[in-house]
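Participant: The structure's right below; bear with me while I get my questions together.
Just so it is clear, none of the values below were taken in a lab; they were calculated from the coordinates. Since the model is a prediction, treat every value here as computed from it, not as a measurement. When we count neighbours, we look across all protein chains shown, and the Cβ atoms used for this are built from the backbone with ideal geometry, even at glycine.
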Amino acid sequence: MIKKSFFYSFLVVLAIVLVFYPDLEPILAGVAILLFGMIMLEEGFKVFTKGPLQNILKKATEKLYKSIAAGALVTALIQSSSLLSIITISFISTGLISLTGGMGLIFGANIGSTATAWLIAGFGLNINISTLAMPMLVFGIIFSVQKRVSLRGIGNVLAGLGFFFLGIHYMKEGFDVFKEYIDLNQYAIPGFLGIVVYTGIGIVVTTILQSSAATMALVLTALAAGQIEYENALALAIGANVGTTITAILGSLSSNMAGKRLAGAHLIFNVVTGIIAIAFIYPLADLVKYLSDAVGISSGNFMLRLAMFHTLFNVLGVIVMLPLMKTIQKFLMRFFVEKDDKGIEEPKYLNETILQFPGTTVSALVKESKYLYENAVFEIVAHALNIHRTDIISELSPKEIVEKSKMDLNADVRNLYYNKVKTIYGEIIRYATTAQGTLNLGKNQIDRISEIVVANRKMVEIIKAVLEMSINVDLYRDSKNVHMVDQYTKFRKKIIKVLRVIYLFRTLEDKEQHYNKLLALRKKAKERKHKTNKSINSLIRENLIDAKMASSLVNDKDNLNDIIKNLISVAELLYVEKDSLLENGKQYHTAEARFV
């Protein structure tokens, strides 16, 4: 409600300004065109983030210095720290990268974002960039209406750059006209008070525009037109840096605690950097003067000096924050605490943030499905057959486990399904369907999501089959008919063996050996399903079991084979290594190739 009220109030104020101050129209139009250009730039680069860019960022976070460098270079290239922040929050919320790696990318993004100021100050304000913008717009629009996704991406990037430069042109022209009527320098505030006030103005403007680049463009064009004092422009640059954290905070609202921690780190970095820049603004301004003189930047070129100041205090912020990384992480871990009582029925990795990009969506679906399989399904199958999970992963033989499992665990399979599986199963299907309908997925990512959906359906089939089987396991576990006890003991041993091999397959590094065992077990189960069980026929012929018992055994033999086959299929679908970030990742079809 507050957000809506602020938005409508802003629209009213904007309308009043346009009515009573028509001379501001070119400037405001320039800001609007520039912002539209940045939106198109982001959309264009998003086309290329689903593969190589995300893979590069993921690998870059292995080392802190790599993540900082990658954050700076990528942001300078795509001209959007906001897009990198969204990608990073999406990555960290699915567990693809660590908090340290994410913080490195964000720190680097702050340095990379200063490239916009250099571009505008050194290039955009010194030539008639409208002549460059027009060809970009022409070719950009032509490319953007093509059917091929990559061409549309290139088109959006070109059109975005065209609108970006055109916006700067209108802002520059607007300030040149505006200064004939009003001199904004009369509102300059000297001294430290001016620094504090203009820093606040920079924060407010950036919060409204949702872009520090747009704020810096506005400040630089105003500075070039002589409409603001250099000292106040320095403070506006500091405010723009702090205000840009709003994008990360908004992007983290729908993410999990990991995403919120990263947004918190972003806020801490920018606020601390802003405080340092304010406290040392005069020494930093002197350093800028010294460096500018050293590299040949003229004393009257305040735009390039402002760009240098913007870069210097961001680099200084990174230098100051690096030794404090562990302290900040500990604070964030204590401040943003995961709920201890969060049950299996609540998503651990699925949130609206992951739907920003195909790779993170696929990764989150895989992780959520694995969590469901390892906890809920594993527990239900084991407890339904009166077996403790700890015994399955122990060194005890299947025979020893069955012999010690005399106590009835009273597992209500139906209730466990409704309380632990159904809700999260529905969420996995919903996110998978949403991704298939809204995201620009590659063929391999579409196939991977289809595999995840199949795996989850098979988990439900496992629970349905074990529900039927568990009734007779309870009924005949202590039966006076030793033949029925023997048959159901064999059934339980077989499932224990499969569950153990699956556990070893998904937890040990030497997966190939256990995967081959799973394939052999699945083959046996498939063969048994289509063959008459000789032992059951023998029991029937010799009248050792009655018709009701025979019916139970035959049905549960089929249930057993279905459970084994589906347990193995789900393990294969979820735990065979595939890189969900790559659209054109290699697909493996042999047991040997899967573990290279």
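Participant: Quick one: how many lysine pairs does region 20-335 have with C-alpha atoms less than 15 Å apart and a gap of 8 or more or different chains? Give me the count, please.
Facilitator: 5
Participant: Follow-up question, since we're still on this one. Using the per-residue mean of other Cβ atoms lying within 10 Å as a proxy for protection, in what order, highest first, do the peptides 85-94, 372-381 fall?
Facilitator: 85-94, 372-381
Participant: Could you work out the helix-only [θ] at 222 nm for the chain, with each DSSP H run of four or more residues adding -39,500 (n - 2.57) and the total divided by the number of residues, to the nearest 500 deg cm²/dmol?
Facilitator: The helix contribution divided over the chain gives -24000 deg cm²/dmol.
Participant: Do me a favour and compute the ellipsoid semi-axes for region 20-335 from its Cα gyration tensor, root of five times each eigenvalue, largest one first, whole Å.
Facilitator: 30, 26, 17
Participant: On to the next question. Work out the length of the dipole vector of region 357-595 about its Cα centre, built from +1 on the beta-carbon of each Lys and Arg and -1 on the beta-carbon of each Asp and Glu, and round it to the nearest 20 debye.
Facilitator: 600
Participant: To the nearest 0.05, how large is the calculated FRET efficiency for LYS480 and LEU14 if R₀ is 60 Å and r is the Cβ-Cβ distance?
Facilitator: 0.10
Participant: Moving on to the next point. Between LYS524 and ASN555, what length comes free when the chain is fully extended (0.36 nm per residue of separation minus the Cα-Cα distance, one decimal in nm)?
Facilitator: Using 0.36 nm per residue and subtracting the Cα-Cα distance, I get 9.4 nm.
Participant: Here's something else I'd like to know. At a Förster distance of 45 Å, what's the computed FRET efficiency of SER450 paired with LYS493, Cβ-Cβ distance as r, to 0.05?
Facilitator: With a Förster radius of 45 Å, E is 0.85.
Participant: How high is the relative contact order of region 343-470? Use alpha-carbon pairs under 8 Å, at least six apart in sequence, and give a whole percent.
Facilitator: For region 343-470, the relative contact order is 38 percent.
Participant: Ok, one more. Ranking ILE142, ILE27 by Cβ neighbours within 10 Å, fewest first, what do you get?
Facilitator: Ordered by Cβ neighbours within 10 Å, fewest first: ILE142, ILE27.
Participant: Three principal axis extents, largest first, for the C-alpha atoms of region 357-595, in Å?
Facilitator: Dimensions of region 357-595 along the principal axes of its Cα atoms: 62, 38, 33 Å.
Participant: Moving on to the next point. Take ILE189 and LEU77, extend 7 Å from each Cα along the Cα→Cβ direction, and tell me the distance between the two endpoints in nm.
Facilitator: 4.1
Participant: First measure r as the distance between the Cβ atoms of ASP510 and ALA32, then evaluate 1/(1 + (r/R0)^6) with R0 = 60 Å and state the FRET efficiency to the nearest 0.05.
Facilitator: My answer for the efficiency is 0.50.
Participant: On the first, second and third principal axes, largest extent first, how far apart are the outermost C-alpha atoms of the chain in Å?
Facilitator: Largest to smallest, the principal-axis extents are 110, 50, 47 Å.
Participant: Using label points projected 7 Å from each Cα along Cα→Cβ, tell me how many nm separate LEU151 and VAL138, to one decimal.
Facilitator: Distance between the two pseudo-spin positions: 1.8 nm.
Participant: If you count, for each residue, the other Cβ atoms within 10 Å and average over each peptide, how do 549-559, 456-466, 275-285, 255-265 line up from highest to lowest?
Facilitator: For the peptides 549-559, 456-466, 275-285, 255-265, the packing ranking is 255-265, 456-466, 549-559, 275-285.
Participant: Measuring from label point to label point, each 7 Å out along Cα→Cβ, what is the VAL576 to VAL197 span in nm?
Facilitator: Taking the simple label geometry, VAL576 and VAL197 are separated by 6.8 nm.
Participant: Taking the Cβ of each residue in THR244, THR507 as the centre, tally the other Cβ atoms inside 10 Å and list the residues starting with the fewest.
Facilitator: Sorted ascending by nearby Cβ count, the order is THR507, THR244.
Participant: Still on this structure, please answer the following. Provide the per-residue ³J(HN,Hα) series for region 288-298, in order, calculated from phi with Karplus coefficients 6.51, -1.76, 1.60 and θ = phi - 60°, each as a whole number of Hz, with x at glycine and proline positions.
Facilitator: My calculation for region 288-298 gives 4, 4, 5, 5, 4, 5, 5, 9, x, 7, 5 Hz in order.
Participant: Determine ³J(HN,Hα), in whole Hz, for all residues of region 455-464 in sequence, where each value follows from phi through the Karplus function 6.51 cos²θ - 1.76 cosθ + 1.60 and θ = phi - 60°; x replaces Gly and Pro.
Facilitator: Couplings: 4, 5, 5, 5, 4, 5, 4, 4, 5, 4 Hz.
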